[in-house]
Each structure stands twice: as structure tokens, then as C-alpha cells.
Amino acid sequence: MTAQMAKTTRAEQVRRRRRQQGRRRFDAVSRSDGSLRAGPLVSRPRSSPSLGVAGRAGARAGRRRGSLSGLLPVVRLPALPRITLAWRHASLAMTLMLAGMLLRMLADPAMYIDGVNLGGAALVPGQEIYARSGIAGQHIFWVDPAAVQRNIAEVPGIASVQVSVEWPNTVTILVTERIPVVTWIENEERWWVDADGQKFKARADLPGLLPVTVDDAAGRPGLHAAKQERVPPEAVAGALQLRELRPNIELLHYDALRGLSYADGRGWRGYFGVGSDMPQKLAVYERLVDDLLAKGIQPRIISVESPLAPYYQK
């Protein structure tokens, strides 16, 4: 009995001593950090060996986050607005940009036509060509080269025209003029005629051009209609041949019925018709003149319009 009580007393003494040691350790910790509140001690389980290095590191990080989350204040930043750029917005922005560029170019004085580069014009005045082009003061956007060509092609004396446009306001016009070979006179109106019989406005007195006056012009339509007519090319060819064969001819006459004629200085009118066979007709004409003069006949008219059937009238 005494042994049992002694054994119990010793065991209880050991327990009491352990409780006192734990109490002293708790009091020591409480006194070392007055900011921490006393609370029950919680034993933390040891990390399992099966977690490995990564597991232990994650556990430590979690413990740090847990300890910091309780100590540091949580600051929430304002959320940025989410901007969604739809294709409609992009299209609108591009449209506005292009519209601004267009307005800028439309308002730029450097893009308006104030002159042209003209080449090939010698007989037709450049100012007339520029005025008829229809582009004076026009914006380069509205210049239509095909329309400019049509306008200039209607200028009397222009055979062909080429038009090119370059930025910002350069228009180049190259023209080919008709070359007059005779001066055609109708009702005191003078026209130039080229080798193809095209009649156009005479702009000056060109020396060397053979004048041809139309005797029956009084019975023809008015001046406006005459502007639309062409001279028979065979009449032009015959006039040029006669002038070449007889350089002293200063004036030829023409009528639609009998063709070309001229007043011979020996006192009569010679008729030669039209065509390019003037050398033959002129040879027949001279033989007939010699024969008539040898006979002492003074003719009033000598006609070789048909070289195979010449005749004269007294």
C-alpha cells in the first residue's frame, strides 16, 4: 500500500512538473511579444515525407500567404474599361480619313488647270486650242482626255490630237495640223484647203498658196453650209499640177460643171476640167493654140476638159 502511494505520488509529481514547465514557457512567450494575444496553442502537423520538395515548398508558400493575408491590407485597383473595336468603327474611321484627304485635294489650288503644254501648233493659235479644250480652270479630277480630244478635233485646221494628263495639274496636248495647199475663195470668204480637199478657216495670208476662186458660189448654199463642204480632191490635184506646169499662173477659177480654168494672158479663157492628167491636157491645149494662131483665129474659149475632144469658141 505504501509502495502504491509512493508510485502514484511520483507520477503525479512528474505530471505537475511538466504542467509547470509548459506554463512557464507560455508565460515567457507572452511577455516577449505584448502585441500578440494569448490563445490556445495549436500543434501543427509535420509535413508528410510523401509530398516531396515541391509539396513542401507549396505548403510553405501557402503558410506565408496565409500569414500575410492577415497582416497586410487588401487594396483593390479599379478595373480598366474593356474596349471592343468593331469593324464598323474601323470602316468609319477610314471613311473619315479618306474624306478628309479628298476635301484637301479638292481645295488645293495647285490641282486646278491654269495652262497646258501645247505642241505641234503653228497655224492654229494656241489660245484658241486651249479655249476649245474646255479645261481652263478645271480641277485635274474632272479632266477627261477623250472629251478634250473630241473638243480640239473640232477646231478648224486640226487633223489629229493627243491628250495626256499628269499630276498634279499638267495637261499635254499634241496636235497635227492640216497643211493648206490652196486658198479657196467663195463669196469673198477665204478658206484653206489641204491635199485631201478638207476646207477649213483661213487664219492669215500665206505666201505661195495658189488662190482658187469659185465662180458659181453665188448659187450655192449660205456660208454656214459652205463650212461643212469639202472641195473635190481631184480639183485640188489638178490645181496643183497646173501651178507646177505654169508657175506664172496667179489665179485659177473653178465651177462645178466645167472644173478648173484660168484667163490666158493672150486673151481667152482656157478650161481644163479636174483630175491629175493636166500634163496631157496642157500639151493638147498648146497644140490647139498654136494651130488657131497660125490660122489667125482669136478664140474666146479653149476647152481641153476632155483631151480626146478639145474645142474652142470664137
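Is it fair to say L282 is surrounded by 12 or more Cβ atoms within 10 Å (Cβ to Cβ), more than 18 Å from A217 (Cβ to Cβ) and free of Cβ contacts under 8 Å to residues at least 24 places away in the same chain? No, not satisfied. The residues on offer are R300, R203, and the sole one that is surrounded by fewer than 18 Cβ atoms within 10 Å (Cβ to Cβ) and touching a residue at least 60 places away in the same chain (Cβ under 8 Å) is R203.
Considering S276, S261, the condition of being in the same structural domain as G238 (by TED's automatic domain parsing), touching a strand residue (DSSP E or B) at 6+ places or on another chain (Cβ under 7 Å) and closer than 22 Å to V193 by Cβ is satisfied by S261 alone. Considered as a group, the residues in the range 147-161 that are in contact (Cβ under 8 Å) with a residue 12 or more places away in the chain and loosely packed, with under 15 Cβ neighbours inside 10 Å include one that is farthest from R203 (Cα to Cα), and that residue is A147.
Of all residues in the range 256-266, at least one satisfies being outside any loop (DSSP other than H, G, I, E, B) and closer than 25 Å to R178 by Cα. Which residue, of G296, G267, is in the same structural domain as L210 (by TED's automatic domain parsing) and closer than 23 Å to P247 by Cα? It is G267.
Could you check, for the range 161-171, whether at least one of its residues is among the hydroxyl-bearing types (S, T, Y), assigned to a strand (DSSP E or B) and at pLDDT below 95? Taking every residue of the range 161-171 in turn, at least one turns out to be among the hydroxyl-bearing types (S, T, Y), assigned to a strand (DSSP E or B) and at pLDDT below 95.
Taken over the range 109-124, the residue count meeting the criterion of being surrounded by 13 or more Cβ atoms within 10 Å (Cβ to Cβ) and within 28 Å of P180 (Cβ to Cβ) is 6. Entry remark, the range 100-154: residues being at pLDDT 90 or above and either in a helix (DSSP H, G or I) or touching a Pro at 6+ places or on another chain (Cβ under 8 Å) (or both) number 19 in total.
The values are calculated or read from the model by the stated rules, or taken from the named source; none is laboratory data. Keep in mind that what you see is a predicted model, and the values were worked out from it rather than measured. Glycine also receives a Cβ, built like all others from the backbone with ideal geometry; neighbour counts cover every protein chain displayed.
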